[in-house]
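What follows is a set of notes on a single structure, which appears directly below.
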Amino acid sequence: MSNGWVLPDEVLRDAPAYTPRAYELADLELLLSGAYTPLTGFLGRADLTALTRRGRLDDGTPWPVPVTLEIPGELVGGLELDNPLHRALVLTDAEGAPVAAVDVTDTWPTREGRYGVGGAVRRLGDGGHGPFQRLRRTPDEVRSLLPPGRVLGVVADRPLHRPQLAQIAHAARTLAAHLLILIPVAESGPDGLPPEVLVRAVFAARDRMPRPPWSRCR
């Protein structure tokens, strides 16, 4: 999702880079995929203030949660917010591969040595971030894969054992719904399982899920 923001390659090549924390990378992926529509980037102060006071963005759009990015203060010092050619920040994954760029239009201190930044995001590269790429779908892709009718969405943040599978099957039958499994992979789950292990554990239970199982990682 480019949001109409285009910068010359040389500007991005010379821009400072930063690796966000796991939950910030997860938010970034949701922004880039369109799952956070109508958001086009990380929220600035005006939106965050309005969200805290009214549960809405500054323009009045209802929105439930803050979507924020925090970076070290030394990176902020190298950005010129009034110059579009010198306010880009490249975001990388844990391996250092560029994932996206932020057009930083707002900064503010959050705690000692750290600053919040707001601005639109643009994807860099092919979006190949994180494990199990073939399971990562945009909202539009998921809609196109699902057949007509009701959908039961289940967030599987831990392995699914017999009691949970029985509850899921009962709910799916009661609602006459297709099943959509969403597996959080931004960081280790409540049980401390690495994302790769969690995905494999959930997939191991496919044969005991209502048919057809529709899976998606986020």
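Things worth noting here:
- Subset of region 191-218 (residues that are modelled with pLDDT under 75 and either under 13 Å from V155 (Cβ atoms) or not in a loop (DSSP other than H, G, I, E, B) (or both)): P213, W214, S215, R216, C217, R218
- Residue among R134, R111, R87 that is over 21 Å from P184 (Cα atoms), surrounded by fewer than 17 Cβ atoms within 10 Å (Cβ to Cβ) and not acidic (D, E): R111
- Residue in region 28-63 that is nearest to D140 (Cα to Cα), counting only those that are in contact with a strand residue (DSSP E or B) (Cβ under 6 Å, 6 or more places away or on another chain) and loosely packed, with under 15 Cβ neighbours inside 10 Å: P62
- Cβ-Cβ distances below 9 Å connect the following pairs, each with a first residue in region 85-96 that is more than 18 Å from D9 (Cβ to Cβ), a second residue that is in a strand (DSSP E or B) and not aromatic (F, W, Y), and a separation of six or more residues or different chains: D93/V99; G96/A17.
- Among the residues making up region 132-155, those that are of a type in the set (A, V, I, L, M) and either at pLDDT 90 or above or not in a loop (DSSP other than H, G, I, E, B) (or both) are L135, V142, L145, V151, L152, V154, V155.
- D103 satisfies every condition listed in (1) acidic (D, E); (2) assigned to a loop (DSSP other than H, G, I, E, B); (3) buried (at least 18 other Cβ atoms within 10 Å of the Cβ) except (2).
The values are calculated or read from the model by the stated rules, or taken from the named source; none is laboratory data. All values reported here derive from a predicted model rather than from experimental measurement. Cβ atoms come from the backbone with ideal geometry, glycine included; neighbour counts cover every protein chain shown.
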